[in-house]
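Working notes, beginning with the structure itself.
Coordinate-derived values only; no laboratory data. It should be emphasised that the depicted structure is a prediction, and the values quoted were computed from it without experimental measurement. Every residue, glycine among them, receives a Cβ derived from its backbone with ideal geometry; neighbour counts consider all protein chains shown.
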Amino acid sequence: MKLFEVYPLFDIEIQRGRGCYVYDSHDKEYLDLYGGHAVISIGHSHPFYIEKLTGQLHKIGFYSNSVVNPLQEELAEKLGKLSGYENYSLFLVNSGAEANENALKLASFHNGRNKVLSFSKAFHGRTSASVKVTDNAKYSAPINDGLEVVFVSLNDLESVKKELQTRQYSSVIIEGIQGIGGIQIPDDNFLRELRNLASETETVLILDEIQSGYGRSGKFFAHQYAGIHPDIITVAKGFGNGFPMGGVLISPMFQAVYGQLGTTFGGNHLACTAGIAVLDIFEAENLVENAEKVGEYLLSELKKIPQIKEVRGRGLMIGIEFDKSIKELRTRLLFEEKVFTGATGTNIFRLLPPLCLTRQQADIFLERFEKVLK
Ligand SMILES: Cc1ncc(COP(=O)(O)O)c(C=O)c1O
């Protein structure tokens, strides 16, 4: 069997990693400013993470959600404490898209509506449809029977108001910072007004923090810059530092109903162990504060580079926009300077490094970046 080729690949085989570095099959070292697509939060192959996961594997890797799993409770308690959402509940899944599916369903079960408001350039995942072909009405929310989505521009408060005041919307879903959209930050005031409008119209406010969350922005969640509390928050990526897991953080206004949501793998012993180890390392190494500090430094240094059209971001989620294609620059950065970066569109670099990036590593990146710009 051969692989189904949906990914255009760089001809590099990454065989191991440590902290903010990865190493290829020739043992060449690369500085990782991409974090394997915003996934690596605590750094590659952290010794504590390895120890915890190995230890858990020696006990048990998986059992089903039909029995008590104290690791799930430990994870929920730690996440509540570190994120500032102690009174929310946690539903565990396996990916970002699955977290958003469950968030959208939960909102629709809650208010019985089937319309969703979203924003231009949004990215929330690639799944759909499985529940439609499942023959059990209990698992279907009104949005599964006839999902209607309207897109408005980010920060366009008037359009949001016009739509939400129809009181037809089940939920409004927004990224804490748009990632694939090119590191677009919703205004703090826009988020506050969105919060108010959602409450007034009984629309569920869902914050997708899959890319912008988990400390990347310099706060645990990017929306915390606006001081709001969404009704539902979704997480994935940095949650497990590469162990595939997602989560839905649910405000106390929702009542859990047995059987309404579910998954086979979500919240398994190994996943919870990964999630707990990540949070323990966050705490021990002050990674959220580090993301804020090193991110601020990177942003201010990048703003001094004259060839760049615009630099946007918060913490270690940074977009560098050029007024020309970056394809050649990115390729040279990778193959000549040995630096991984992300990209979006044709002309925007995305920096999404592990949150343990040091100022010295930021300087190494800046030096190599300026070298390819010359
Ligand atoms: C903001 C956002 N939401 C959802 C997703 C989907 O996550 P996954 O690929 O884990 O399904 C992504 C993935 O890039 C994302 O950036």
Extreme residue, surrounded by the fewest Cβ atoms within 10 Å (Cβ to Cβ), among residues of region 154-180 that are of a type outside the set (G, A, S) and within 16 Å of the ligand (Cβ to nearest atom): I180
Residue that is nearest to the chain's Cα centre (by Cα) [pool: residues in region 31-62 that are over 21 Å from A236 (Cα atoms) and not polar (S, T, N, Q)]: L31
Tell me the residue from F190, F123, F151 that is free of Cβ contacts under 8 Å to residues at least 60 places away in the same chain, away from the ligand (no atom under 16 Å from the Cβ) and aromatic (F, W, Y), please. F190
Could you run through region 202-218 and say how many residues are farther than 14 Å from A97 by Cβ, outside any loop (DSSP other than H, G, I, E, B) and out of contact with any Gly (no Cβ under 7 Å at 6 or more places or on another chain)? 2
Please verify whether Y21 is closer than 21 Å to A236 by Cβ, aromatic (F, W, Y) and either surrounded by 10 or more Cβ atoms within 10 Å (Cβ to Cβ) or out of contact with any helix residue (DSSP H, G or I) (no Cβ under 8 Å at 6 or more places or on another chain) (or both), treating the condition exactly as stated. no
Single unsatisfied condition, S118 versus (1) of a type in the set (G, A, S); (2) within 14 Å of the ligand (Cβ to nearest atom); (3) not in a strand (DSSP E or B): (3)
Any chance you could count how many residues in region 300-349 are under 30 Å from E289 (Cβ atoms), of a type outside the set (D, E, K, R) and surrounded by 14 or more Cβ atoms within 10 Å (Cβ to Cβ)? 20
Across region 14-26, the tally of residues that are among the acidic types (D, E) and within 17 Å of H37 (Cβ to Cβ) stands at 0
For the subset of region 271-290 comprising residues that are in contact with a Cys (Cβ under 9 Å, 6 or more places away or on another chain) and not β-branched (V, I, T), which member is nearest to G213 (Cα to Cα)? L287
Given the criteria out of contact with any Cys (no Cβ under 6 Å at 6 or more places or on another chain) and either buried (at least 22 other Cβ atoms within 10 Å of the Cβ) or among the basic types (K, R) (or both), does H46 qualify? yes
Where residues in region 80-113 are polar (S, T, N, Q) and either touching a strand residue (DSSP E or B) at 6+ places or on another chain (Cβ under 9 Å) or assigned to a strand (DSSP E or B) (or both), which of them is farthest from the ligand (Cβ to nearest atom)? N111
